[in-house]
Structures are given as C-alpha cells and as structure tokens.
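Heads up, the thing below is written out as structure tokens.
The values are calculated or read from the model by the stated rules, or taken from the named source; none is laboratory data. The structure displayed is predicted, hence computed values, not measured ones. When we count neighbours, we look across all protein chains shown, and the Cβ atoms used for this are built from the backbone with ideal geometry, even at glycine.
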Amino acid sequence: MTTPSVATTVPLRAEPAAVPTPSPTDGEVLVAAARDVGDVLLLVLAALAAVAVAYVAAAVIGAVVRRVARRSTVAAELSRRSRRPLRAVLVVVAVWVAARLSTSADEVWRPALEHVALIALIITLTWLVGSLAFVLEDLALARYRVDVKDNRHARRMRTQVQVLRRLTVAVLVLVAISAVLLTFPGARALGASLFASAGLLSIVAGLAAQSSLANMFAGIQLAFTDAIRVDDVVVVEGEWGRIEEITLTYVVVHVWDDRRLILPSTYFTTTPFQNWTRRAAELLGTVEIDVDWRVPVDAMRAELARLLAATDLWDERVGILQVTDAVGGVVRVRALASAVDAPTLFDLRCHVREGLVAWLQREAPEGLPRTRLEHDGRPSEVVPERPAPQPADRLFTGSTDAVARSQAFSGPGQEVIDEREHAAHRQDEPDPADGPADEPAGTAARDVPPAQHADGRGEDDPVRGRGE
C-alpha cells in the first residue's frame, strides 16, 4: 500500500533589515587624518634615514678606495669616475628597501613607489656600469701616447678604443631602455608580439635604416681595418687635413685652415682618398720652377743643398734637384726634399721655393724665364685675300642640288598652307540658314596674297624660275 506524499511548506527566512552606517564624527575624521599624516611622515623619515645610511656607506667606500688609490692609478681613476653613480645607486636601493619594510605604507600607492624605485635603480646601475667601462677605456688610452715620433700603433689603438667607447654607450642605453620598458606589463605583451613578427619587422627596419646601418658598420670597419686612424693626415674632396674624430656614423676631418669637414663613414669605404700617414709620417715634397735655358743648373743645385742644410725643417733623407722638362721655351727644374711630417713638409717647400726665387734674382738673372721673338729684317709677305665663296660652296642655294635640298626642308609648301587656312576660314563662317553673312563668299580667297615660298620669292619670281 502506497503512502501518499504530503507537501510541506517551509516558511522563508526574512532578510534582516540593512543597518545604516553612522556618519563619522569630527573626532574620527581628525584621528584618521592624523593617522595618514603620521604614516606619510614615518615613510619620509624612513627614506631620509635610508639616504643618510647610503651616504655614509658611500663615504666609507670612497675613503677606502682613496686610500688604495695612493698606490694604484687604477683605483684613483675608479674612484674619480664612479663616485657619483655609486652614491646614486646606494640612495635608490636604500629608499626602495625603506619603502618595502615600512608597515605604514598604503597598499594603494606602494606598487607605484616600488615601480618608480625599480626604474631609478635600472638607470643608476646603467650609469655605474658605463662609468666602469669608461675607466677601462681611459686606462687603455693612457697606455698609448701619440706625442711620440713613431705613434702609428698608438693612433690605431686609440681609434679602436674610441669606437668601442661609443659602441658601449649605445649598447648600455639600448639595454637600459629595454629593461625600463619591460617593467610595464603592457610593454611585455608588446614585446612578445614583436618577437612573433620579428622576421617582417627586421626586413622593414633594415630597409628603413639601410643608410644608418651602413654608416654604423662602416664606422666599425674603419676602426678595426686600420684604413684610417685618429690624427692621420688625409686628402679628401681636394682638402688636406687630419682625422680629428671617428664615430660610428661619421668622420670629422680637421682641415689645415681650421675648418671641419664632416663625412659619412661610408665615404672612406667606397671612395678613394689619400692617407699620407698610413705606414709612416715621413713625406717627400716637390718644388717646380720654370727657368730660362741659360740657367746654371749646377749652381742652382748647390744653392738647394745650402738651403736644406741651413734649415731644421729638412730631415736629411732626400734633397735633390733635377731638370724634368725642357719644352715651350723654358726649362722646368724640380727640387725634391723630405720632411718628418706633412705640416713640416709644407713649410719646407715654401722655404725652398722662396730661396731659389731669391737666388735667381740675385745670382742668376739670366735664368729668369724670357719670351724670345726673332725678326730677320725682311718685309712680311702680303697675305692673299680669301676668294669669295662660290655658289657650289652653299648648302641650300646656288645649285640644283642645293635648291632641292632647300625644298625638302621648306615644309609642305605655300599652296598647302593656303588651303589649310581657307578650310579653317570656311569652318568659321556662319551657316547661310542662320542669316545673311557679314562678308560675301570668296573674300578670304581674294585677300590671300600671292603664294610665297620659304625663301621669300613668289611664284612669278624669275630667279626662282631659272633656279628650277
């Protein structure tokens, strides 16, 4: 026997009525404000204490380094370069630690403060690492002096160190910017998407920055292939100067008249140029003078030897005088001398030129260049007059072939031109159906002058008739 089910009704529990929040009293507001101010002051005091501790630590480290620097130039240079960046790093670290250990810091602005401290730490660490790299590069530069006679190897090393310094700075800045951007969550997602499409982006970036990348690689190539070095004497674009600075993208040439010639690095890898100090600084210079055939060459050679021996500009390697040409009524004499470098050679050439000119004026005036004219006393012959041009000498007139040639280049002919004008005039005349014409037909034909040819003669010209 089945027992019928009985539905039971459970009464719903009534929701409790919302209790209104009482508004804070003035005293409670003041207490909360005082608590917030106290938290801020406590955090500020903690940060100041951390900064003081950082300064004390930096002072202690500096004192130790200075004590060691008395016996080591490396420590002295390290202390000079890294004092400020080390102090900045310690201050940022101290503030960051104080913010994290402070229990009064509000959770709302604590992440923002820590984020700012992290960015500052990245920047200061980059500054410190760059200073340490500069210390190593300065020590390398100090080992190679360029104020000595044979400084080719020193100039090569200085050039490479300077390029490496600029490359180090560029890499550090790029790494620091990347690290700062990666502290933002959005930048991380962007970086992942960029890495996903790195192939296409690399192609686009390579095409867009082709010139800049070419200059940068050319600068690195110049630094490590020894094509040019700092203080090399070169001739570029017709200008004589020395290499003053080599960067990753351009080269500065100090011209002899104190101008600066800025050239892209690719110029020195794609354009021929002269390097007067590629292997050695010694150079040969020439002085060429045109003199008369009667010049005493042996005496002039002795004067050159005297001039060279009397000056300290000559390095006593080469000093000769030769006759290199004897045409055109003059004798070309070339003096060849040597000097230790390009500036000294320039002054030596001027000294030799001035001395030889003064010697010619004083000791050998017969050697000064002269222009000779010879007259045998006979009257000059009468130059016959040129005969008048014959008709056969003409191109378009004077003969049957010339007239035919003229007609070929005279256009379609006057008759054709008149017919074209008449047809154009008829098109411009009004239609008779529209009303009487203002001018009777045939007027244009009567007003047309007789046919003229390109040479100005009419159809009835007897000269033209005979020519044809």
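List of remarks:
- Among the residues making up region 216-256, those that are charged (D, E, K, R) and within 21 Å of Ala280 (Cα to Cα) are Asp226, Arg229, Asp231, Asp232, Glu239, Arg242, Glu244, Glu245.
- Figure legend. Inter-residue proximity from region 278-302: first residues within 15 Å of Leu336 (Cα to Cα), second residues aromatic (Phe, Trp, Tyr), beta-carbon distance below 7 Å, spacing 6+ or different chains. Indicated pairs: Leu283/Trp276.
- Within region 320-334, the set of residues being closer than 17 Å to Val357 by Cα and either in contact with a Leu (Cβ under 9 Å, 6 or more places away or on another chain) or not β-branched (Val, Ile, Thr) (or both) comprises Ile320, Leu321, Gln322, Arg332, Val333, Arg334.
- Meets criteria (outside the structural domain of Leu356 (by TED's automatic domain parsing), at pLDDT 90 or above and either within 20 Å of Trp240 (Cα to Cα) or assigned to a helix (DSSP H, G or I) (or both)) for Leu304: no
- So Thr266, is it surrounded by fewer than 18 Cβ atoms within 10 Å (Cβ to Cβ) and not assigned by TED's automatic domain parsing to the domain that holds Val333: no
- Looking only at region 316-367, residues that are within 12 Å of Val287 (Cβ to Cβ) and part of a strand (DSSP E or B) come to 11 in all.
- Residue match in region 169-186 (condition: modelled with pLDDT under 80, outside any helix (DSSP H, G or I) and not hydrophobic (A, V, I, L, M, F, W, C)): no
- Restricting region 270-320 to residues that are acidic (Asp, Glu) and either closer than 30 Å to Glu237 by Cα or exposed (fewer than 13 other Cβ atoms within 10 Å of the Cβ) (or both), the residue that is farthest from the chain's Cα centre (by Cα): Asp298
- Every residue from region 274-292 that is modelled with pLDDT of 90 or more and in a loop (DSSP other than H, G, I, E, B): Asp292
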